[in-house]
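S.K.: Okay, handing you the structure first.
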Amino acid sequence: MKIFWTTLMAYILCVWSCSAKQSDRRVDISKQTKPDNQVDTVDEQTEEPASETRDEVTLPDFAFSMDEVKSLGPIFEEQLSESLEESDDGQFQDVELRIEGLINRALEAPDLQPGRQMKVVIQENDFPGANTLINILTIRSATLSSNFDNKSRLAVLCHEIGHTARNHSDKYTDKVIESGGDPYNRFSQMPDFTSYQQATLSGTTYTHDSERYKKVIATWENFSKDLSEFKQRQEFEADIIGAAICGKMGMDAATYHASIITFLKKAYDIASGDSSSSSEPEDFQLELESQERVDLYYRTLFAIKSHPSNEERDLQLKEVESALDGYWDADAPFYEEFLDLDIDI
Ligand SMILES: [Zn+2]
């Protein structure tokens, strides 16, 4: 059980580091212009696999209705194409250029105007996923392992471009400001949290107390509910816009739907390692460095639930698939070309 918890923690921390990076960057550029930067991906699968079948899953009320999906067009808001320096050691340059070339050619298609130029960076990482900062699309190397095929990879890229196209990161930042600022800062002042921290941290040792944790996590979930729902709705929207973008590239909605869900499920399996059991780990102890302690409390134990469950995303896409088919251009060449790309690493 400890393996599950520590694996999950490592995974979430990795995800956080990606988000933190983009968040920091956002502050730098926000004064210069209006960026279309963006958060994460189809990544943080912090929820357990649901035991129920899809028929038993009910969409949350902040998911998109069919009418909303139909009114989402025009797909893109006006974009600014910016180029940013990104550290990249060139290890995967060949693969990066192959993906970048095709994606950028696809984004020049008239239906995807005004379009943009994306820079693709592959980051060495054992956990699959991607994120986008303005026009830099970072793909974790595990996404290009033999666990995944090009259909799933393309669906993930379209989802990411969907985040960018709707300026999700900016909108989330505005939402945080609107709701009173950094939720972690505010939560850390609450007596429930401070007493939990006092009880579980001794020097550099964190001692997990599941009973105590259950009570505090309930407080946190209530506290962060608005922000969580806001983020989860952005994920639904990125799935929907992603379907439209992939559709314009030549991938039909049903294939997009199946491909992204396949990716999500495999990514979850990889992230959760050998544990398939419970989300309630037994009590354990962890020795943590200073930054790790901060990450543990604020990014892992009390993380914003940023993604709907895989089952909810599956159901949302299923429910609006007929509307998404309206974006499908069966003659667009890019989908077939992407399937032929040799990008395994
Ligand atoms: Zn996403």
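What follows draws every value from the coordinates through simple rules; no lab data is involved. Everything numeric in this text was worked out from a predicted model, so none of it was measured. Cβ: placed from backbone, ideal geometry, glycine included. Neighbour counts: every protein chain shown.
S.K.: Assuming R0 = 41 Å, can you tell me the calculated FRET efficiency for the pair K318 and S202, based on Cβ-Cβ distance, to the nearest 0.05?
M.R.: 0.25
S.K.: How far apart, in nm, are two points set 7 Å out from the Cα along the Cα-to-Cβ line at A330 and at D149?
M.R.: 2.1
S.K.: Calculate, for L97 and I177, the FRET efficiency according to 1/(1 + (r/R0)^6) with r their C-beta to C-beta distance and R0 35 Å; round to the nearest 0.05.
M.R.: 0.40
S.K.: Sticking with this one: Can you compute the modelled spin-label distance between L341 and Q291, with each label point 7 Å from Cα toward Cβ, in nm?
M.R.: Here the answer is 3.1 nm between the modelled labels.
S.K.: Taking Cα atoms of segment 190-345, Rg/Rh with Kirkwood Rh, to two decimals?
M.R.: Ratio of gyration radius to Kirkwood radius: 1.11.
S.K.: Of I161, I270, I217, how do they rank once you tally other Cβ atoms within 10 Å and put the fewest first?
M.R.: Going from sparsest to densest Cβ surroundings: I217, I270, I161.
S.K.: Expressed in nm to one decimal, what extension gain is obtained for the pair S65 and S210 from 0.36 nm per residue of sequence separation less their Cα-Cα distance?
M.R.: In short, 48.4 nm is gained.
S.K.: Find the centroid of the Cα atoms in segment 205-219 and in segment 112-187, then give the distance between the two in whole Å.
M.R.: Segment 205-219 and segment 112-187 have Cα centres separated by 31 Å.
S.K.: Please find the FRET efficiency linking Q117 to E221, where r is the Cβ-Cβ separation and R0 is fixed at 45 Å, and quote it to the nearest 0.05.
M.R.: Here the calculated transfer efficiency is 0.65.
S.K.: Give me the compactness ratio for segment 105-208, meaning the Cα radius of gyration over 2.2 N^0.38 Å.
M.R.: Scaled against compact globular proteins, the figure is 1.54.
S.K.: Pairs to check: K70/K305; K151/K248; K266/K318; K171/K266; K171/K225; K175/K266. Give those whose C-alpha atoms are more than 22 Å from each other in this structure.
M.R.: Table pairs above 22 Å Cα-Cα are K70/K305; K171/K266; K175/K266.
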